[in-house]
Amino acid sequence: MDSATRERDGDESMCPMVLLPSEMKYQIISHISTQESLSRLGQSCRAWYEIANAELYKRDSREYNSLAIKWMAAYATGEQRTDSAIRTLLISLRWGGQIDAIQQGHPRLDQDQPLAGDLFDASTALHFAVFAGNLRLTKTLLDMKASLTIPCSAPLLKTMDLEELSRKVSYFQHVLNGYFWPFGAAFPIFLAFLQSDTDMCELLIERGAGREAMIVGPDNDSKVFSILHFAAVDTTADNRQWQCLFDSFRDYIDEPCPGNHKYTPLHLALWSGCTQGMQIAVEAGADKEAKASASRTPLFMGIMGIPRRTNAEEHTRCFRKFVELGASVNPEGTSLLETAVRSYAISPADYSLMRHVIDFLLEHHVDINRSSLRSDTNVVNEIIEGIFYSEDDIRGVNSLKQLLNDLVDRGLNLTISEPRLPSPLYRVLCHRQAGLESLVDLLCEKGATIHEHEVDSAFRTWCQTSRLWETNAYDAWWRHQGQEDEIFLKWCEHPYNAWWWQHVKHISSLEVSRAYGIAFHKSRKLYDILTHLPLPAPWDGSLVKEAFRAKQLWSWRLVVQREFEDKFLATWSSDGGENMIHLTVRKYAAESCYSTADAILDVLYLRDKGVNMSSPNSHGQTPLELLLRSDSCKDDFSEMVALFAGKVHKDSASGPSQNSGLE
């Protein structure tokens, strides 16, 4: 013993505190309230060291969740500090310390800046040792039966202020679509994973760690996220860094993640475009056609993820490689082509890479005519929707038209419309957007059809679109004597007509009446076509009203001379109580081109059909009174007046004049 030691021992032996009996020492210790004061007392002399230290660790275990063990584990960097941590661990256990001590109900998700107390209350010594990457201390804790099934919570994860770790956490938050945010409770293996510590992961697995990585969801409905879901999307790892995880948890390779989507690790690998994760998952036996919610396969997720990633080219490589490894481009119940076209059609310029994906699918024999079972669309409708959406983007519209043309050339069948969807041609015809003529032409030329129930409004649109019936070389088939049937058949088979003609028997009388109304306002040529078609009879009253409203005089004169059902002309009247002679007088007064001679012929024809020339309307006005109030300036106006006065010659009723314009 050296002189200093002898001097210190001598000093301690003379100190009154040292000479106190044990009972009094315990009494004094019971009045010391802080751990810091107890620690200083224990360091003051040997006589107090053991008794103060024992109380210090007992209180630590009883009141502070064995903070000493956790504190030393958290700062155990290097061999010397590890030795100290292990000594502290042994001493604490001797005086009642708990290796798995953790406070229940601590703050988890809603605290942005955790306090130090929260940090240590929320985690065990094993969490700190794993997080620090201290293999030696971790082994020691595991040898002492430290639990691998206790998760640490948000406070420890939120201490990760290193740039690389923060970037990795942000990446997982983004890729896993909200599951990783807010922070959930993490198991030790996930802490090692975040540190890219393969050796630590292997140690934990060797000692019995499960696949559980993180608890997600609210406390009352929490579920566990598998470490394989994270490993499958980790693009920062070396090519085979996480092989140990897939090898060890091979039985869980197809386990769906919690939540409604039910994605497997392979789904997420394709979604994130992680080629290495995809390859390792496939090698581990992952089901390449696993169905998540809405029958989504991993390849479907790969297509969905491409437009949403900044690394779209790498994502596309992952997609292509997956197909090369045997993924089906024609999964049951889903159309991958439809999915790709939908993404491309949103913005062909921004998602130009999707056109390459579409071509890739076609090269690998994707079923071009398949529709998804649960979808409310198909390939053609998606292209058309994109054209409508890109109305002001000429290049985008042209790109989509070219895609449609290419798909038709590759076998897309437009002649059969999906029963549960509106027909593409019908949608285009009824869409009031300029510049769609070429799209209509393309659909018609490629044999596009409409549904039977769409024929009424589609036929009306056909009548309103003059270029569809004006440019047909066979539009006057009735004039080809001896060849009427042959020419008419050619007219019916014309691309502009075939799509509605096949449903002609289902066109209603109402629509035929409307069609005649369109003709009255538009073209005599259309009227002639309608009269020679085997259509249902139009409503007589509708014809009269539309012809009267039309600006073209020929419309009215044709209706006047038309053969109606018996007694129709004699009994019909407008809402104002006016018969057709009233209306003829009004037309005569309003139209300068309506000659007196033609008007007289029309009135006499109506009279002969039983129309009353002197019948008053609802205001008590006869046709003659209407005529006299018209103030017509026509030179032969008096002849019209004479007609109603009964002074017209009988031979005037012989028929229409040569210049009547009815032919």
Report task. With a Förster radius of 35 Å, plug the Cβ-Cβ distance of S508 and L325 into 1/(1 + (r/R0)^6) and report the FRET value to the nearest 0.05. Result -> 0.05
**Report entry** Net charge of Cβ neighbours under 14 Å - reference Y496; Lys, Arg +1; Asp, Glu -1
**Finding:** -3
Query raised in the report: With labels modelled as points extended 7 Å from the Cα through the Cβ direction, what inter-label distance (nm, one decimal) is found for N612 paired with N311?
Result: 9.0
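Determine the gain in length on full extension of the stretch A597-T465; use 0.36 nm per residue of separation and subtract their C-alpha separation, reporting nm with one decimal.
Extending this stretch completely gives an extra 44.0 nm.
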Requested in this report: Going by C-beta contacts inside 10 Å, put C201, C463 in order with the fewest on the left.
Outcome: C463, C201
Requested in this report: For F225, list long-range residues whose amide hydrogen, built 1.01 Å from N in the peptide plane, is under 5 Å from its own amide hydrogen.
Outcome: A213, M214, I215, V216
Requested in this report: Take T334, T531, T82 and order them by how many other Cβ atoms sit within 10 Å, fewest up front.
Outcome: T531, T82, T334
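Within 10 Å of each residue's Cβ, count the other Cβ atoms and sort V455, V408 from fewest upward.
V408, V455
Full extension from E283 to C430: what is 0.36 nm times the residue separation minus their Cα-Cα distance, to one decimal in nm? Please report the intermediate quantities before stating the final value.
Details: separation 147, 0.36 × 147 = 52.92 nm, distance 5.17 nm.
Length gained, E283 through C430: 47.7 nm.
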Query raised in the report: Quick one: length gained pulling D238 to W539 fully straight, 0.36 nm per residue minus the C-alpha distance?
Result: 100.5 nm
Query raised in the report: Given a Förster radius of 45 Å and the C-beta distance between E484 and E332 as r, what FRET efficiency does 1/(1 + (r/R0)^6) yield to the nearest 0.05?
Result: 0.30
**Report entry** Under Karplus coefficients 6.51, -1.76 and 1.60, residue-wise ³J(HN,Hα) of the stretch 338-345 in Hz, glycine/proline x
**Finding:** 4, 5, 5, 5, 4, 5, 5, 5
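Lys and Arg at +1, Asp and Glu at -1: add these up for the other residues within a Cβ distance under 14 Å of A231 and post the number.
-4
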Report summary line: Note, the stretch 81-95: 3J(HN,Hα) by Karplus (6.51, -1.76, 1.60, θ = phi - 60°), whole Hz, Gly/Pro = x, goes 5, 5, 4, 5, 5, 5, 4, 4, 4, 5, 5, 4, 4, 4, 9
Query raised in the report: Using a basic spin-label model with each label point 7 Å from the Cα along Cα→Cβ, how many nm lie between H174 and M144?
Result: 4.2
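No lab work stands behind these numbers, since they all come straight from the coordinates. This is a predicted model, so every value here is computed, not measured. Ideal geometry is used to build each Cβ from the backbone, glycine not excepted, and the neighbour counts take in all protein chains shown.
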